[in-house]
Amino acid sequence: MNSTYTQLEKDLSAKGWCLSMTEGDSMEPLLRQNQNMVLIERAQGILNINDVALYRRPGQNKLVLHRVVKVRARDYLICGDNRLYKEVVPHGWVIGVMRGYYENNNFISTDDTTYKDYVRNLKKRYVIRYLREFPGRLKRKVVRMLDAKKKL
């Protein structure tokens, strides 16, 4: 096995599952940095919409845990719960899928009603976040357009 593989990848390969502490804020409010332990199973077959995929971008020594928002023939559209922009991720990059997480020492499965309620409300959160960030995005776009006009 390549030496750039993480211990997590080795565990997935050997045991078919692993536990890992989360890092970063891209999956907040569900998963908080260094506060939630996640249960990851080795990915088998095509994932479903709303599955949380673990994948590695080629050339990077970092794993990413984001939600599948669309399944296509060769790839997924994936987005962190705390992000607006979607990323195209080929099926082959995905190495695992989250099956649950620990919150305050309680295990919450992705089959649990608490988790399913959270997922059901995600679209509302995306709309609210988009509307909240829209004025700043519009301002940046206008500034770019004015700068481009000045260069002509």
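The values are calculated or read from the model by the stated rules, or taken from the named source; none is laboratory data. Not measured: the values here are computed from a predicted model. Glycine gets a Cβ as well: all are built from the backbone with ideal geometry, and neighbour counts include every protein chain shown.
Observations on the model:
- Residues that are assigned to a loop (DSSP other than H, G, I, E, B) and surrounded by 13 or more Cβ atoms within 10 Å (Cβ to Cβ), drawn from the range 85-116: Lys86, Thr110, Asp112
- Close pairs from the range 126-147: first free of Cβ contacts under 8 Å to residues at least 60 places away in the same chain and within 17 Å of Gly80 (Cα to Cα), partner among the small types (Gly, Ala, Ser) and surrounded by 10 or more Cβ atoms within 10 Å (Cβ to Cβ), Cβ under 9 Å, at least 6 apart: none
- Taking (1) modelled with pLDDT of 95 or more; (2) out of contact with any Cys (no Cβ under 9 Å at 6 or more places or on another chain) in turn, Arg56 satisfies each apart from (1).
- Residues that are hydrophobic (A, V, I, L, M, F, W, C) and free of Cβ contacts under 8 Å to residues at least 12 places away in the same chain within the range 78-97 are absent altogether.
- Scanning the range 65-76 for residues that are farther than 19 Å from Leu122 by Cα and surrounded by 13 or more Cβ atoms within 10 Å (Cβ to Cβ) yields one hit, Asp75.
- Filtering Val142, Val119 for residues that are in a helix (DSSP H, G or I), more than 29 Å from Ser13 (Cβ to Cβ), modelled with pLDDT under 95 and among the aliphatic types (A, V, I, L, M) leaves a single hit, Val142.
- Search result, residues across the range 6-23 that are without any contact (Cβ under 8 Å) to a residue 12 or more places away in the chain and within 18 Å of the chain's Cα centre (by Cα): Glu23
- If the condition is being farther than 21 Å from Thr113 by Cβ, charged (D, E, K, R) and either in contact with a Ser or Thr (Cβ under 6 Å, 6 or more places away or on another chain) or surrounded by 13 or more Cβ atoms within 10 Å (Cβ to Cβ) (or both), then the range 33-59 contributes Arg42, Arg56.
- Near pairs, Cβ below 8 angstrom, 6+ apart or cross-chain, from the range 29-45 (under 15 Å from Cys18 (Cα atoms) and in contact (Cβ under 8 Å) with a residue 40 or more places away in the chain) to any residue that is crowded, with 18+ Cβ neighbours inside 10 Å and among the aromatic types (Phe, Trp, Tyr): Asn36/Tyr101; Met37/Tyr101; Val38/Tyr101; Leu39/Tyr101
- Residue within the range 64-84 that is at positive phi and either modelled with pLDDT under 95 or of a type outside the set (S, T, N, Q) (or both) present: no
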